[in-house]
Structures are given as structure tokens and as C-alpha cells.
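Every number in this text was worked out from the coordinates using simple rules, so none of it is lab data. Everything numeric here is computed off the predicted structure, so don't read it as measured data. A quick note on method: Cβ atoms are made from the backbone with ideal geometry, for glycine too, and the neighbour counts reach across all protein chains shown.
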Amino acid sequence: MTHSEFIETLQRSSPPSELAPLLQALWYDAKGDWQAAHNVAQDVDTKDGSWIHAYLHRKEGDNGNAAYWYRRADQPVCKKSLQQEWDEIATALLSQ
């Protein structure tokens, strides 16, 4: 799936069944359901899961918790806009 195709899925009322869990987390976040996104991300114990977890806590405004998750993800604390980081994460996941 390309980034553009992923963005198009946001017109749906539920995520496509073929989406990997971390892409589902980003999908829920883009749809405004932070809690569903967080629930999915926190259950994926990988660096990518930690990266989404960090992004979500940064979005929430919990910068201390976000910094912890950025360290677990081996990512620097992001200073970009939330939308830029969301796009960066989506692009990285879709390229795997």
C-alpha cells in the first residue's frame, strides 16, 4: 500500500482489515480516536510501536512520557509538527 492509498482509507468508517496493527494505530489517530490508537500501539513491543507510542504521548502533551518512548524507539525527541511526524511514521511503516 502506498502512502496515498493509506490516506484514502481514512474515508472509511473502519480501518481496512489488511492493515498491520501499527498502521491501524495511525489510522485511528488520524480519525481522531487517540485512545484506540494508544491501545493498539501499547500492545506492540517493538521500536516502531514505541515510536508511535511516543508520538501519541507528544500529541497528548505528556512530553516526559513521550521522551521515554522516543528513547525506547531509538528516535530523537521529535520537534517537527505532529502531522509531519505522522507522515514520517506512516511512510516508514509502509516501506517495510
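A few comments on the model shown:
- The angle separating the long axis of helix 63-72 from the principal Cα axis of greatest extent in the chain is about 80 degrees.
- Crossing angle, helix 21-30 versus the chain [Cα axis fit, 0-90 degrees, rounded to tens]: 90
- Per residue, the Cα convex hull of the chain amounts to 91 Å³.
- Length-normalised contact order for the stretch 17-60 - Cα pairs under 8 Å, 6+ apart - percent: 34
- Top of 85, 18, 60 by mean-square fluctuation, Gaussian network on the chain, Cα under 10 Å: 18
- Residues 12, 58, 72, sorted so that the one with the fewest Cβ neighbours within 10 Å comes first: 12, 72, 58
- The Cα center of the stretch 54-96 and the Cα center of the stretch 1-47 differ in position by 14 Å.
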